[in-house]
Amino acid sequence: MSATSTGTAALPYACLFTVDLAHAYWPEPNASLPWARFALTPETTDWVRRRDLLVIPHRQGVAFFCETRRRDVLLGGLKPGQAVATVKWYAKDEHFSRYTAPALTGGAAVYFLQSAASVPVAGALTQRLHAGETVDATNALPVGAPSLARHLERADRLSPPVLVVQIDLADHVANTAVNKAGVDYIVNFAARSTRWRYYYVCDAENDALAIVDLDEKVSFVAAGSEPRSGGRRALVFESEQEIAMQQQYPQRFQLRERGRSGERVLIRRLPNAEVGSVIQQGMETKQRQEGQEAAQSPAVRVSEIYIN
């Protein structure tokens with residue numbers, strides 16, 4: 001019997017392999033993957049049916065099982081290309097491309113990972129599906145690349161998956177040195193980083209204001225002010241360091257005012273950046289705004305935060 005279920009495999013089934021996804025933007029999850037869903041390619045669905053395999057959501061990804069009594073028959077004498085599973089992952093979060101590094105432009109490319117290129121980590125039973133610590137631009141292919149296109153359906157042309165993983169059981173699963181617990185494959189995604197820019201709207205200029213990091217990891221500089229309606233001003237403060245985007249930030253920033261008798265806290269906990277508030281700004285534009293000579297510098301991503 002082949003099936004897809006939210007439960008766990010019964011004892012008569014042995015694990016062949018698992019694929020788990022992790023993303024630096026998301027905190028360590030407790031249950032299902034909150035930002036992506038998987039789907040088998042039609043070819044893999046047919047292979048699962050013919051081999052009477054069990055495919056279920058598992059931890060932060062997917063697991064493939066076979067009947068324990070048929071494991072040796074399935075894997076015995078296996079040659080490359082004879083037993084291949086291809087799984088596609090689609091983003092469930094509309095902001096995935098905003099917080100994932102590197103970003104794939106407009107769905108024109110897809111991350112494509114294969115077990116043959118994986119590297120062992122944390123023991124012989126765990127394989128990372130990319131050479132670097134996280135997925136990078138070298139792992140992406142254009143949607144029209146022949147090795148990738150054959151796994152994409154017509155609907156994928158309009159709304160492509162963000163990741164395609166291909167596991168050839170001959171690479172590691174069939175290795176007689178591996179015990180029958182199966183092979184764990186992992187995929188790690190990195191998060192983008194941005195500079196945080198606060199706009200504090202007030203009635204007048206105030207050179208005594210400053211943003212302070214209680215953890216002393218991030219420093220902010222005053223970056224001038226901008227006019228607002230009603231004759232008010234927005235004082236601008238920008239972080240000198242980039243901050244990795246996270247679904248839940250640990251940062252603790254305060255707005256303080258220096259006075260003759262010391263500092264007083266105006267805002268005890270400043271709001272954190274939101275994923276939808278990111279803009280891209282060229283450094284040359286910023287330099288012109290500051291009256292400096294323009295130079296060819298890479299663009300920076302800025303998270304804008306408004307405080308009224």
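Hey, can you tell me all the residues within the range 126-155 that are surrounded by fewer than 16 Cβ atoms within 10 Å (Cβ to Cβ), in contact (Cβ under 8 Å) with a residue 24 or more places away in the chain and closer than 24 Å to Gly182 by Cβ?
Matches in the range 126-155: Glu133 only.
Anything in the range 159-175 that is at pLDDT 85 or above and either among the hydrophobic types (A, V, I, L, M, F, W, C) or more than 13 Å from Lys88 (Cβ to Cβ) (or both)? List them, or say none.
Hits for the range 159-175 are Val162, Leu163, Val164, Val165, Ile167, Asp168, Leu169, Ala170, Asp171.
Look through the range 60-107, keep the residues that are in contact with a strand residue (DSSP E or B) (Cβ under 7 Å, 6 or more places away or on another chain) and aromatic (Phe, Trp, Tyr), and return whichever of them is farthest from Ala140 (Cα to Cα).
Phe65
Considering each residue of the range 66-83, count those that are under 32 Å from the mean Cα position of the chain (by Cα) and not in a loop (DSSP other than H, G, I, E, B), and give that number.
Total satisfying the criteria: 1.
Sort out which residues of the range 30-60 are more than 21 Å from the chain's Cα centre (by Cα), farther than 25 Å from Ala155 by Cα and either assigned to a loop (DSSP other than H, G, I, E, B) or modelled with pLDDT of 95 or more (or both), and write them in order of number.
Answer for the range 30-60, where residues must be more than 21 Å from the chain's Cα centre (by Cα), farther than 25 Å from Ala155 by Cα and either assigned to a loop (DSSP other than H, G, I, E, B) or modelled with pLDDT of 95 or more (or both): Arg51, Asp52, Leu53.
Can you confirm whether Ala63 is surrounded by fewer than 21 Cβ atoms within 10 Å (Cβ to Cβ), in a strand (DSSP E or B) and at pLDDT 90 or above?
No; evaluated as a whole, the condition is false for this residue.
Given (1) assigned to a helix (DSSP H, G or I); (2) under 15 Å from the mean Cα position of the chain (by Cα), where does Pro27 come up short, assuming only one miss?
(1)
Among the strands (runs of 3 or more DSSP E) lying completely within the range 120-199, list those that include at least 2 residues that are among the hydroxyl-bearing types (Ser, Thr, Tyr) and closer than 24 Å to Gln60 by Cα.
none
With the checklist (1) under 28 Å from Glu28 (Cα atoms); (2) assigned by TED's automatic domain parsing to the domain that holds Ala244; (3) not hydroxyl-bearing (Ser, Thr, Tyr) in hand, flag the one item Val201 doesn't pass.
Here Val201 meets the rest and fails (1).
State all residues of the range 222-277 that are of a type in the set (Gly, Ala, Ser) and farther than 24 Å from Arg301 by Cβ; if no residue qualifies, say none.
Correct list: Ser229, Gly230, Gly231, Gly259, Ser261, Gly262.
The values are calculated or read from the model by the stated rules, or taken from the named source; none is laboratory data. These numbers were taken from a predicted model, which means no experiment stands behind them. With ideal geometry, Cβ positions are generated from the backbone for all residues, glycine too; neighbour counts draw on all protein chains shown.
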